[in-house]
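A short write-up of the structure that comes next.
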Amino acid sequence: MKRFFLHIIVPSLLLWPDGFLLAQVKATVDKDRILIGEPIHLMLEATVTGSNPLAWPSLDSIPHFEFVEKHAVDSTVSAGIRSYRQYLTVTSFDSGVWSIPRLPFVTGKRTLLTDSIPIRIVYTKIDASKDYHDIKDIIEVPNPFARWFGWIVAGLVLVSAAVVVWLLQKKKVLQVLVPRQPPPRLSPYEEAMQQLDQLARQGMVEDGAVKTFYSRLGEILRIYLYRRAGIASLSETSEELIGQIRRLPFQPQQFTDLADSLRMGDFVKFAKYKPGLADSDAHYRIVRGAIEELNRKLEENDRTQAAITGIKLT
């Protein structure tokens, strides 16, 4: 147990001589095995106390890997502790086992290094035991019902006409066969707020159910965007949804915070990352604030459109 502690913790912590924690750095990925060209989400984190500045590692290139996307470094300050975080997307086209190297962070005259992360890059599996076959020509298959096709169409037309006449004469029967769906009891905004309140009262993060908390938080946001903004958010990945959200009327900082919250949900679900209680509470408030702000702007737009339509009608 002692050897494991020294291997994992010592490279990422910097201590004063009296044992006071000065800085901590960490690198995390969402997967350690990919197919060639498949993206990897890399997250860099650093926590610094005191007034010493922190120099972020220069990431122009990584051997055997290519950068797909780089996001700006996000920073927060709380109780004298400065926290930094950056999301990156990388990939590789070289098969084999390659490592994301130890990345240097400099604070004062000291250098902190993250752990190296080995990544296995493989090809798609091909069954070599099976033979390869040439593409065959199209084979015409005779249709045994071809001579009856005209009679079938005529019969269907007659039956359809009879059904239409009967339905027109029996409106009450039509209403029974096709009942109207009752409107939803809650608006998209009211439903989202109700579910967020329930999520806050459940205390999942305090009970250790962090993955369930982030899954539920993302689901509430996706359902609201689907119902209120017409975004097909339920079938999209987080990155695809972020691209859709970019077109909504958010302030730049609010959009960045919301995108970071969605990416954090992916790290929690796929990389088994466990953020602290403060981070979980901050992401909850970011999602709630985004829904409130978007709903306010969409309602203002609806009122403006209604006013314009009213003027045109008069």
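The values are calculated or read from the model by the stated rules, or taken from the named source; none is laboratory data. Remember, predicted model here, so these are calculated numbers, not experimental data. We place every Cβ from the backbone using ideal geometry, glycine too, and count neighbours over all the protein chains shown. Side chains are part of the model used for accessible areas, which takes the heavy atoms of the whole protein and leaves out ligands, DNA and RNA. Shrake-Rupley method; radii C 1.70, N 1.55, O 1.52, S 1.80 Å.
Here are some notes:
- Scanning segment 73-126 for residues that are more than 19 Å from Ala278 (Cβ to Cβ) and among the basic types (Lys, Arg) returns Arg102, Lys109, Arg110, Arg120, Lys125.
- Any hit, segment 25-36, residues being more than 24 Å from the chain's Cα centre (by Cα) and crowded, with 18+ Cβ neighbours inside 10 Å: yes
- Segment 231-241: number of residues that are in a helix (DSSP H, G or I), at pLDDT 85 or above and open to solvent by 40 Å² or more (accessible area, probe 1.4 Å): 2
- Scanning segment 96-116 for residues that are in contact with a Lys or Arg (Cβ under 9 Å, 6 or more places away or on another chain) and in contact (Cβ under 8 Å) with a residue 40 or more places away in the chain yields a count of 3.
- Subset of segment 175-219 (residues that are among the hydrophobic types (A, V, I, L, M, F, W, C), more than 21 Å from the chain's Cα centre (by Cα) and modelled with pLDDT of 80 or more): Leu186
- Residue within segment 242-250 that is in a helix (DSSP H, G or I) and open to solvent by 70 Å² or more (accessible area, probe 1.4 Å) present: no
- Checked against (1) touching a strand residue (DSSP E or B) at 6+ places or on another chain (Cβ under 9 Å); (2) of a type in the set (Gly, Ala, Ser); (3) at positive phi, Ala259 meets all criteria but (3).
- With respect to the stated conditions, Lys312 fails to be assigned to a helix (DSSP H, G or I), basic (Lys, Arg), under 16 Å from the mean Cα position of the chain (by Cα) and at pLDDT below 85.
- None of Met264, Met204 is surrounded by 21 or more Cβ atoms within 10 Å (Cβ to Cβ), farther than 14 Å from Gly289 by Cα and in contact with a helix residue (DSSP H, G or I) (Cβ under 7 Å, 6 or more places away or on another chain) except Met264.
- When residues in segment 48-72 are screened for being open to solvent by 50 Å² or more (accessible area, probe 1.4 Å) and of a type in the set (S, T, N, Q), 3 of them pass.
- All positions within segment 121-134 that are of a type outside the set (D, E, K, R) and either surrounded by 10 or more Cβ atoms within 10 Å (Cβ to Cβ) or at pLDDT below 75 (or both): Ile121, Val122, Ile126, Ala128, Ser129, Tyr132, His133
- Test: residue in segment 139-146 that is assigned to a helix (DSSP H, G or I) and modelled with pLDDT under 85: yes
- Under the condition of being within 29 Å of the chain's Cα centre (by Cα) and at pLDDT below 50, the residues counted in segment 9-24 number 1.
- Considering residues of segment 182-230 that are outside any helix (DSSP H, G or I) and of a type in the set (A, V, I, L, M, F, W, C) only, the residue farthest from Phe267 (Cα to Cα): Leu186
Listed here are the residues, each with its yes/no results for (1) touching a residue at least 24 places away in the same chain (Cβ under 8 Å); (2) in contact with a strand residue (DSSP E or B) (Cβ under 8 Å, 6 or more places away or on another chain).
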residue	(1), (2)
Lys211	yes, no
Ile223	yes, no
Glu240	no, no
Arg247	no, no
Phe255	no, no
Arg263	yes, yes
Lys269	yes, no
Lys274	yes, no
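- Residues (closer than 24 Å to Ile81 by Cβ, out of contact with any Asp or Glu (no Cβ under 6 Å at 6 or more places or on another chain), in a helix (DSSP H, G or I) and open to solvent by less than 60 Å² (accessible area, probe 1.4 Å)) located in segment 268-297: Val268, Asp279, Ser280, Ala282, His283, Tyr284, Val287, Gly289
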